[in-house]
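Visitor: I am attaching a structure below and will ask some questions about it afterwards.
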Amino acid sequence: HLDRPRKAFGVAVRIKEMQWDAVKKERVHVGYKDASVWHCSLSLRAEEGALTDQQWGDIANDFVDAMGFTETSGRARCRWAAINHGTSENGNHHIHIAVSLVREDGTKASTHGDYKRAQKTCRELEVKYGLEQLSTLHATRGYDRAEKARAAREEREMHRPSLERKVRASFGASTCEAEFVRRARDTGMLLRPRYAKNTTEVITGYSVAERPARGERPIWFGGGELASDLKLGHLRQHWADSPQSAMEAAAEWNAAARNKRKVSRTGAEKVTPPAEMWVEYTRNATALVEQLRVLPHDDHATWAKAAREVSGAFAAWSHRLEATPGPLAATAAELSRTAQLRAPRHHSKPVSLPSVAGTAMLFLAASSKNKTAAQSALMLQLVNAAFAIHEMHQQSGRTREAQRLRAIVTGQLKQFAASMPRTATVGSPEQAAAEQSVVPKSVEIGLRGMAPIRPGSAVPTTPTPAKTHQHTGRESGPVLDR
């Protein structure tokens, strides 16, 4: 049924087939492949339950209309089918949609801009059918089924969240690109730069991988595959740029690519920060929380920057303390969602706020065995910053994001707080005694009682040829899982 117009008119819908060339270090054109059918998946969250066939049918009809595949576009219709696949292994009720890209008159349907159009359509359908509305501001990277299955078989965390956490920690602790490369290597990751054409002096991107077991090959992920805000271009926006710093960074990247020793042996990562820095960054974190309380909810770029810094701090502490991902890793991951704007170029630049990025440096340098009262004091303010971000989501109507963040802050982090000592001023006579205490009064009060910060017919039609033919785009559409 779907393929009848294509066969009747002998129309070929093809796209370029690209493959990675190990010699040229780039994707190269190797031929063409069929792209006559467009695919898309529409999925609900497990908590939303299931829809009836009638409900899914209505949604599918509206979706295909809005995508321009039916007569509502003013063009001949495309043949399409929606299949209810029921509930996935993760509890998500979903359907698959397949659309023939050869219309009833033999013309080709265009898929140009289908990702953006599909996202917009889904947001509209969520409102129309009373479904949970997803954020149009933030977007995180998904995980494919094979990646999850392999991690489950090997009883380990998936590589991508582990690598993202290490990159965030290294980035948050670094004041320049060269230092970032050295710190990233210190976490145990493998790093591989992506060079501009015909040079090893200009680095345009990077990939990271966990060290593989003996006899296995590393699995590489580009910075942008880990998270949209971890692309090298985005990281560089936060570092001072100069010819000297670029040369130093290139030298470190080249050393990493060749698995050679780090070029600098006396970088900032080798220096133990003085105790006074804990006081300084605790004050910065306190000032940040105060300013977040009055920051407009629609200043998305500034909220994203604050979330990125706080996420990096928790990621660094997780790397230092948690042999397996725990509450610190979960907090870092949840905050990172707010750090990833769907269209960052469409937002204004973030306003200046007290920075807590350096707290990642403190946590990476801290002992993995002894927890201190200074850490408790800083943690309380970072938790308050996380709760401010929760309140921003709550007041902005992003209930899902608010619920997830609150569940981690008041649930998993509260358990971690029970192991923290009582807060005391760094360097005070009470500090030594406080460090022996296991009753984290200030942290537990902050975790337990933070007040809100702000009060057609089923019979196939007869194909009729058109006078002109159009070119199409990709062969498949987005997977719109919820």
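Every number in this text was worked out from the coordinates using simple rules, so none of it is lab data. All values derive from a computational prediction rather than experimental measurement. FYI the Cβ positions are ideal-geometry reconstructions off the backbone, even for glycines, and counts take in every protein chain you see.
Visitor: Which of K349, K231 comes first, and how do the rest follow, when ranked by fewest Cβ neighbours within 10 Å? Intermediate results must be reported in sequence, preceding the final value.
Guide: Details: K349 9, K231 17.
With the sparsest Cβ surroundings first, the list reads K349, K231.
Visitor: Fully extended, how many nm does the chain gain between W220 and S367 (0.36 nm per residue separation, minus their Cα-Cα distance)? Before the final figure, lay out each step's value.
Guide: Values: separation 147, 0.36 × 147 = 52.92 nm, distance 3.01 nm.
My answer for the length gained is 49.9 nm.
Visitor: Run the simple label-point estimate for Q291 and D65 please: 7 Å along Cα→C-beta, distance reported in nm.
Guide: 4.9 nm
Visitor: Assuming 0.36 nm per residue, please report the length gained on full extension of the stretch K120 to S41 beyond their Cα-Cα distance. Don't jump to the answer; show the numbers that get you there.
Guide: Values: separation 79, 0.36 × 79 = 28.44 nm, distance 1.48 nm.
The span from K120 to S41 would gain 27.0 nm if fully extended.
Visitor: Rounded to the nearest 0.05, what FRET efficiency do A275 and E155 give with R0 = 25 Å and r taken as the Cβ-Cβ distance? Could you check? Walk me through the numbers on the way to the answer.
Guide: Values: r = 40 Å, r/R0 = 1.59.
About 0.05, to the nearest 0.05.
Visitor: Here is a further query. When Lys and Arg each count +1 and Asp and Glu each count -1, what net charge do the other residues less than 9 Å away from E401, Cβ to Cβ, add up to?
Guide: Working: positive: R337, R398, R400, R404; negative: E334.
Charge balance in the 9 Å sphere: +3.
Visitor: Along the positive direction of the dipole of the range 41-101 (beta-carbon charges: Lys, Arg +1; Asp, Glu -1; about the Cα centre), which of H96, G74, L42 reaches farthest?
Guide: Value computed over the given set: G74.
Visitor: What ranking do 109-121, 205-217 get when scored by the average of other Cβ atoms within 10 Å per residue, highest first? Each step should come with its number before you reach the end.
Guide: On the way: 109-121: 16.2, 205-217: 13.6.
For the peptides 109-121, 205-217, the packing ranking is 109-121, 205-217.
Visitor: Let me ask something else about it. Just to verify a number: FRET efficiency for T399 and Y129, C-beta to C-beta distance, R0 = 22 Å, to 0.05? Spell out each step's value before the answer.
Guide: On the way: r = 17 Å, r/R0 = 0.77.
So the FRET efficiency works out to roughly 0.85.
Visitor: Also: Could you order the peptides 260-271, 3-14, 180-191 from most to least packed, using the average number of other C-beta atoms within 10 Å per residue? Provide the component values of the computation, followed by the final result.
Guide: Numbers: 260-271: 13.5, 3-14: 16.2, 180-191: 21.6.
Answer by packing, highest mean first, reads 180-191, 3-14, 260-271.
Visitor: Among rounded, prolate and oblate, which fits the range 158-270 when a ≥ b ≥ c are the square roots of the eigenvalues of its C-alpha gyration tensor, a/c under 1.5 means rounded, and a/b larger than b/c means prolate? Mind showing how you got there, number by number?
Guide: Values: a/c = 1.37, a/b = 1.31, b/c = 1.05.
Since a/c stays below 1.5, the shape of the range 158-270 is classed as rounded.
Visitor: Give the calculated FRET efficiency between I83 and D298 to the nearest 0.05, with a Förster radius of 51 Å applied to their Cβ-Cβ distance.
Guide: Values: r = 40 Å, r/R0 = 0.78.
After rounding to 0.05, the efficiency reads 0.80.
Visitor: If the cut-off is 18 Å between C-alpha atoms, which lysines fall inside it for K231, apart from same-chain ones fewer than 8 positions away?
Guide: Counting by Cα, and skipping residues close in sequence, K231 has these lysines nearby: K166, K305, K349.
Visitor: If I model a spin label as a point 7 Å beyond the Cα along the Cα-Cβ vector, how far apart are those points for R283 and R261 in nm?
Guide: 4.0 nm
Visitor: Could you list V279, V202 so that the one with the fewest beta carbons within 10 Å of its beta carbon is first and the one with the most is last? List each step's numbers first, then the result.
Guide: On the way: V279 16, V202 13.
Ordered from fewest to most neighbouring Cβ atoms within 10 Å, V279, V202 come out as V202, V279.
Visitor: Points 7 angstrom from Cα along the Cβ direction at I15 and Q55: gap in nanometres?
Guide: Here the modelled spin labels are 3.2 nm apart.
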